[in-house]
Amino acid sequence: MTDILDTIVADATAFENLTTQKGSELSELIRQAAAINETVALAEDAVKSLKKSRDKYLYELIPAKMSEVGMDKVEVDGNSVSLTTFVSATMPKDPLQKDLAIQHLRSIGCGDFIKNKLEVTFGLTQDNEAKALEDDLLKAGHDTNAKIWIEPMTLKKLAKERLQAGQEFDIELFNAYIGTVAKIKGA
């Protein structure tokens, strides 16, 4: 069998319209695009840096100062600032820890928040077997993909609700923490 790449031949007529001027124009366009890419990368880095600075103010400096002076709400220059409690929680990356986290959620009655998706991969020659299994699963009322997880925002909300209510929730397992954030609303 002939490799398709071996059959590709350069079309010499494609270069008939190439002049020194057109080549220079093309080179300049490429240089401009490369410069724009570099500017975009620098701007993205600047935005990341600004967000990090903003978060330091919102999550550390302002809440600490407001707590120090005994305030939970204040208005400055038409901006309404209030402190709000937040909870952060994440599923463990390690498979064993993830299994423990899923077991913990089930044990505290939060299994309904867990999503479960099953996926099976078959080889090229197993098409009939794959279709038969899919038909069996569909007849039994199941979808045919698998993955077990909980949506990140759902996990954070669940953690916040349970911790605020004094209910059981494994803070260490979910790398959870409770903090205060300053919410600023402009006039």
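Residue pairs exceeding 27 angstrom between C-alpha atoms, taken from Lys156/Lys185; Lys93/Lys117; Lys48/Lys98; Lys98/Lys185; Lys98/Lys139; Lys93/Lys160: Lys48/Lys98; Lys98/Lys185; Lys98/Lys139.
Ranking of Ser82, Ser53 by neighbouring Cβ atoms within 10 Å, starting from the fewest: Ser53, Ser82. Considering only Phe122, Phe169, Phe113, the Gaussian network model of the chain with Cα springs below 10 Å gives its largest mean-square fluctuation to Phe122.
For the chain, adding -39500 (n - 2.57) for each run of n ≥ 4 DSSP H residues and dividing by the number of residues yields -15000 deg cm²/dmol at 222 nm.
Every number here is computed from the coordinates shown, using simple stated rules; none is lab data. Since the model is a prediction, treat every value here as computed from it, not as a measurement. As a convention, Cβ positions derive from the backbone with ideal geometry for all residues, glycine included, and neighbour counts pool all protein chains shown.
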